[in-house]
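The values are calculated or read from the model by the stated rules, or taken from the named source; none is laboratory data. Because the structure is predicted, anything quoted here is derived from the model rather than measured. Cβ: placed from backbone, ideal geometry, glycine included. Neighbour counts: every protein chain shown. Remember, those area values only see protein heavy atoms, side chains included, never the ligands or the DNA or RNA. Shrake-Rupley method; radii C 1.70, N 1.55, O 1.52, S 1.80 Å.
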Amino acid sequence: MQQDLDQFSVTEAVLEQMSKTPDARLKQIMESLVKHAHAFARDVDLKPEEWLAGIAFLTEVGKTCTPSRQETILLSDTLGFSALVNILAANRQQAKSTDPSLLGPFYRAAAPLKQLGETIATKIDAPEIQFYGQVVDADGKGVPHAEITVWQTDAHGYYDMQIHGEDEMDHRAKFITDENGRYHFRSVRPLGYYIPMDGPVGRMINAQLRHGCRPAHTHFLIGAEGYEELVTSLYFGYDQYIGTDTVFGVSKSLIIMPEMDANAPIPGMEAVRYDFTIAPARAGGSGRVGADPSQLVKA
Ligand code: BEZ
Ligand code: FE
């Protein structure tokens, strides 16, 4: 029989209906979601027209997703939710690794494999810099044959897919570390950029008077047999938005500055030296907060 529900007992009624969920983790997540969502509606005394505006917004967020654009992840990013999930995952790790950062919407699984020392740019139209260092385990021992996927904007602040769509790859590559876990490659200084602002998330950012920018960075995804995948980025310390990233991806430990470095493999070229620490693999879950957008939407 239908009860007379009030603003609190409606929450209990939903929890009661869901109480037989056999999957214990699904039960825990859905119960908490319902409790927090109901508490939020009570907290702001949500009006019907506001609820409808929220539904329309989420509908548009979903419809904006394509095989090359993930507006739902962008929403999560701009609300700090992706950064929070990253922090929680890092807290769960038994061994310390390099701080993670967001995968972002511009990752492509099929980046071209290049030899150590090659450039990730197909055309060099800006001064070059080099990245070098070592992938090490928690004891500081080099991890041989680790796969490093790198991607960044060009020197003008654009990712390849923003210029060429799906058809061409540029400023992205995969490298394999040598016997001692060492890597080096050439690139150009990336530029900071606006997150995609022409959709519903951009409207939200504008409504909140936020600048919508990310500081200049280079993304790294590092994997090796027996290790947890590391998704991170290195952030260029001179960028004006280094302290106010729209998607909350910057940690102090990930801020770098290119400089002349007598120990760098390529003489006479500014260098960024960075050693990445990766942690032993755990059972279950990839630890990756993000995905290639084409894997989330059917073409
Ligand atoms: C990126 O770094 O590619 C990125 C991350 C989150 C939102 C937008 C862009
Ligand atoms: Fe990026």
Problem - Residue of Thr59, Thr232, Thr11 that the Gaussian network model of the chain assigns the largest fluctuation, springs spanning Cα pairs under 10 Å - result: Thr11
Handout entry: Simple Cβ-charge dipole of the chain, Lys/Arg +1 and Asp/Glu -1, about Cα centre, in debye nearest 20
Key = 260
Handout entry: For segment 214-299: rounded, prolate or oblate by the Cα gyration tensor [a/c cutoff 1.5]
Key = oblate
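Stretch His211-Gln17 to full length: gain in nm at 0.36 nm per residue minus the Cα-Cα span? Please list the in-between numbers first.
On the way: separation 194, 0.36 × 194 = 69.84 nm, distance 4.35 nm.
Using 0.36 nm per residue and subtracting the Cα-Cα distance, I get 65.5 nm.
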Completion exercise
Note to self: with every protein chain in place and a 1.4 Å probe, segment 27-83 gives an accessible area per residue in Å² of 62
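Report, in debye and to the nearest 20, how large the dipole of segment 180-236 comes out about its Cα centre when Lys and Arg carry +1 and Asp and Glu carry -1 on their Cβ.
360
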Practice task
Compute the semi-axes of the equivalent ellipsoid of segment 1-68, taking the square root of 5 times each eigenvalue of the Cα gyration tensor, and list them largest first in whole Å.
Solution key: 26, 20, 10
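With all distinct Cα pairs included, what does the Kirkwood hydrodynamic radius of segment 115-244 come out to in Å, to one decimal, could you say? Intermediate results must be reported in sequence, preceding the final value.
Values: mean 1/r = 0.0620 Å⁻¹.
16.1 Å is the Kirkwood radius here.
Using helices alone, what [θ] at 222 nm do you get for the chain, with -39,500 (n - 2.57) per DSSP H run of 4 or more residues, divided over all residues and rounded to the nearest 500? Numbers along the way, then the final one.
Numbers: 7 runs with 80 residues, N = 299.
Taken over the chain, the calculation gives -8000 deg cm²/dmol.
Among the listed pairs Lys27/Lys141; Lys63/Lys252; Lys114/Lys141; Lys35/Lys96; Lys20/Lys63, give every one whose C-alpha distance is greater than 30 Å.
Values: Lys27/Lys141 42 Å; Lys63/Lys252 36 Å; Lys114/Lys141 24 Å; Lys35/Lys96 34 Å; Lys20/Lys63 33 Å.
Checking Cα-Cα distances, Lys27/Lys141; Lys63/Lys252; Lys35/Lys96; Lys20/Lys63 exceed 30 Å.
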Fill in the blank from the handout: The whole-number value in µm²/s of the Stokes-Einstein translational diffusion coefficient for segment 97-192, with Rh from the Kirkwood sum over alpha carbon pairs at 4 °C and 1.567 mPa s, is 91
Completion exercise
Sorting Ser9, Ile124, Ala207 by the position of each Cα along the dipole of the chain (Lys, Arg +1; Asp, Glu -1; all at Cβ), the one nearest the positive end of that ordering is Ser9
Handout entry: Cβ-derived FRET efficiency at R0 35 Å, Arg42 paired with Val85, nearest 0.05
Key = 0.85
Completion exercise
Largest fluctuation, Arg182, Arg92, Arg42 only, Gaussian network model of the chain with Cα springs under 10 angstrom, belongs to Arg42
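Could you calculate the FRET efficiency of Leu113 with Lys35 from 1/(1 + (r/R0)^6), where r is the beta carbon distance between them and R0 is 45 Å, rounded to 0.05? All intermediate terms of the calculation are to be shown ahead of the outcome.
Details: r = 48 Å, r/R0 = 1.06.
About 0.40, to the nearest 0.05.
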Fill in the blank from the handout: The size of the Cβ-based charge dipole (Lys, Arg +1; Asp, Glu -1) of segment 38-150 about the Cα centre, to the nearest 20 debye, is 260
Problem - Residue among Val289, Val143, Val34 with the largest mean-square fluctuation in a Gaussian network model of the chain, springs linking Cα atoms under 10 Å - result: Val34
Handout entry: Alpha-carbon centroid distance for the pair segment 23-43 / segment 90-124, whole angstrom
Key = 34
Completion exercise
The distance between the Cα centres of segment 224-242 and segment 147-190, in whole Å, is 13
Practice task
Along each of the three principal axes of the Cα atoms of the chain, give the extent in whole Å, ordering the values from largest to smallest.
Solution key: 78, 40, 36
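Over segment 71-298, what is the relative contact order in percent, taking alpha-carbon pairs closer than 8 angstrom and at least six residues apart?
Numbers: 491 pairs, mean separation 65.6, N = 228.
Across segment 71-298, relative contact order equals 29 percent.
Rounded to the nearest percent, how much of the accessible area of the chain (1.4 Å probe, protein heavy atoms only) is carbon and sulfur? List each step's numbers first, then the result.
Values: 9080 of 16120 Å².
Using a 1.4 Å probe with all protein chains present, the chain comes out at 56 percent carbon and sulfur.
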